[in-house]
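Novice: Mind looking over this structure? Questions follow.
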Amino acid sequence: MRILDDFYKVGYIYEGKQKWAVYFNLESAQEAMVKMIHRGLEVTELKSQKLTRGDNMKGVHRTSRVRD
């Protein structure tokens, strides 16, 4: 099994606070970004990143997917 170390972050403003949504492929990140814009959210950036050995993943949790 290949461990994924590349991911994409979509930054957006929700209730006046900066939030991040994380995706493991570019197409999903782009689709989510378009949906956020259509819902009226302010999208601040789409950024590619890599996990590093020192990253703490304890605070990462998966939220249930919201359907339109």
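Bear in mind these aren't lab numbers, they're just calculated from the coordinates by the rules spelled out. Everything quoted here is computed from the prediction, not taken from an experiment. Cβ sites come from the backbone with ideal geometry, for glycine too, and all protein chains shown count toward neighbours.
Novice: Pairs under 9 Å by beta carbon, first residue within 13 Å of Ser48 (Cβ to Cβ) in the stretch 17-33, partner in a helix (DSSP H, G or I) and of a type outside the set (A, V, I, L, M, F, W, C), six or more apart or different chains?
Specialist: Pairs that qualify, where the first residue is within 13 Å of Ser48 (Cβ to Cβ) and the partner is in a helix (DSSP H, G or I) and of a type outside the set (A, V, I, L, M, F, W, C), are Tyr23/Gln30; Tyr23/Glu31.
Novice: Something else now. Can you find, within the stretch 7-29, the residue that is farthest from the chain's Cα centre (by Cα) among those that are crowded, with 17+ Cβ neighbours inside 10 Å, of a type in the set (Phe, Trp, Tyr) and under 16 Å from Leu41 (Cβ atoms)?
Specialist: Residue satisfying both the conditions and the ranking: Tyr12.
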